[in-house]
1. Looking only at the stretch 175-188, which residues are part of a strand (DSSP E or B), touching a Ser or Thr at 6+ places or on another chain (Cβ under 7 Å) and not β-branched (Val, Ile, Thr)?
2. Filter the stretch 197-217 for residues that are assigned to a strand (DSSP E or B) and open to solvent by 10 Å² or more (accessible area, probe 1.4 Å); which is farthest from residue 82 (Cα to Cα)?
3. For the stretch 1-97, give me every one of the strands (runs of 3 or more DSSP E) that falls completely inside it and has 1 or more residues that are of a type in the set (Lys, Arg).
4. Which of the residues belonging to the stretch 166-196 are of a type in the set (S, T, N, Q) and open to solvent by 30 Å² or more (accessible area, probe 1.4 Å)?
5. Can you tell me how many residues within the stretch 27-39 are open to solvent by less than 30 Å² (accessible area, probe 1.4 Å) and of a type in the set (D, E, K, R)?
6. Can you tell me how many residues in the stretch 1-26 are surrounded by fewer than 15 Cβ atoms within 10 Å (Cβ to Cβ) and closer than 24 Å to residue 80 by Cα?
7. Checking the conditions here, which among 42, 65, 54 is open to solvent by 50 Å² or more (accessible area, probe 1.4 Å), of a type outside the set (Asp, Glu) and either under 30 Å from residue 281 (Cβ atoms) or modelled with pLDDT of 95 or more (or both)?
8. Would you pick out the residues in the stretch 144-157 that are in contact with a strand residue (DSSP E or B) (Cβ under 7 Å, 6 or more places away or on another chain) and not hydrophobic (A, V, I, L, M, F, W, C)?
Amino acid sequence: GPMVGHFVCVDGFGSPSADERKAGITAMHGEAYLQPWKLVSSEKQGATTTVKFSTNLPQLQENFSRMFQMVDGENVIYVDSELESLTVFDRTANWGEHPYLFPPFLERQNTVVDMSGTRARTRSYPGNPNRPLKQGQDFTWPIAPAADGTPVDIRAAPATGTWMAHTTTLMDPSRRLAYVTVLNTARHYLLGYVFRREEYPWIQNFMSYPANDWLGRGIEFATQPFDLPRREMIELNRMFDTPVYRWLPAKSKIGTRFLLFWVKSPEGMTRVDDVRMENGKIVVEDRAAGKTLTLNASLTL
């Protein structure tokens, strides 16, 4: 079947700093996805199945829990999460959700990424000039500047070429709910996420197109624009007038809620112009092709 993975990056998104590595944090992307998770509860009430898991993050001195809900007859998974600080001081949380896509879902030219995106920026790679996109450059999603300045539509992997790049996109500040979708127009696979924009204001778009064609793509919705160490985020403070971390207050909990849907896309749908929730439904629109997909989604965000 199509290759898709999702893991949570908490508390940490990207690599640890040099000092953190010396202190024993060796893993990329925080502790949560490497720790054993325990099943807290599993129950069904009416049409709704609810499963809860929790894990402890000993290095960060935090607890993390995650609840999944599914309703009979829906192609939707609702995900609620809670991060608890066991320390007596306020601190910043670095939290990313990391969907990662591979072939055969991910195919050159056929697989397109759409999002409720606005202002965007390419990543800078200090000391590494040979990158396909112009570094540290602002643009408007999805047309990024190539290294030579020509505009590149980064919704799909190009027909040819071997490269790797990261961009970040600010979710539209006028929307309460943001979305990102991945559509394989040839195989009619459609994966979508809907999340609260204030909880995850950013999407890091990671594109890995190697010579062996084992393509990889991350659509990482997060508290921060790029997967970089905590100290760099605190020094950055804001980008595009938007926070790049969340506060995790002393001895307190913060949470998030999002959903994902997985469905066969309608014949002729080539892009996603909007995803919205209304009247117990998710509505996915391709306006140019005049295609609309409506899914049952009885629980709210």
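1. At the first step, the residues of the stretch 175-188 found to be part of a strand (DSSP E or B) are 177-184.
Right, trim to touching a Ser or Thr at 6+ places or on another chain (Cβ under 7 Å) and you get 178-179, 182-184.
Once the filter is applied, which keeps residues that are part of a strand (DSSP E or B), touching a Ser or Thr at 6+ places or on another chain (Cβ under 7 Å) and not β-branched (Val, Ile, Thr), the stretch 175-188 yields 178, 179, 183, 184.
2. Of the stretch 197-217, the ones assigned to a strand (DSSP E or B) are 202-209, 216-217.
Right, trim to open to solvent by 10 Å² or more (accessible area, probe 1.4 Å) and you get 206, 208.
On the way: 206: 26, 208: 31 Å.
This residue is 208.
3. Details: elements: 4-9, 38-45, 48-57, 62-71, 76-85, 91-93.
In the stretch 1-97, 38-45, 48-57, 62-71, 91-93 are the strands (runs of 3 or more DSSP E) which contain 1 or more residues that are of a type in the set (Lys, Arg).
4. Narrowing the stretch 166-196 to residues of a type in the set (S, T, N, Q): 167-169, 174, 181, 184-185.
Across the stretch 166-196, the qualifying residues are 174, 185.
5. 1
6. So in the stretch 1-26, the residues surrounded by fewer than 15 Cβ atoms within 10 Å (Cβ to Cβ) come out as 1, 3, 5, 18-19, 21-24, 26.
Filter once more, so that each one left must be closer than 24 Å to residue 80 by Cα: 3, 5.
Of the residues in that region, 2 qualify.
7. Numbers: 65 fails: open to solvent by 50 Å² or more (accessible area, probe 1.4 Å); 54 fails: open to solvent by 50 Å² or more (accessible area, probe 1.4 Å).
Answer to the selection: 42.
8. Of the residues in the stretch 144-157, the ones in contact with a strand residue (DSSP E or B) (Cβ under 7 Å, 6 or more places away or on another chain) are 144-147, 151-157.
Residues satisfying the conditions are 145, 151, 153, 155.
The values are calculated or read from the model by the stated rules, or taken from the named source; none is laboratory data. Not measured: the values here are computed from a predicted model. Reconstructed Cβ throughout: ideal geometry from the backbone, glycine too, with neighbour counts over all protein chains shown. To get the accessible areas, we keep the full protein, side chains included, count just its heavy atoms, and leave off ligands, DNA and RNA. Shrake-Rupley method; radii C 1.70, N 1.55, O 1.52, S 1.80 Å.
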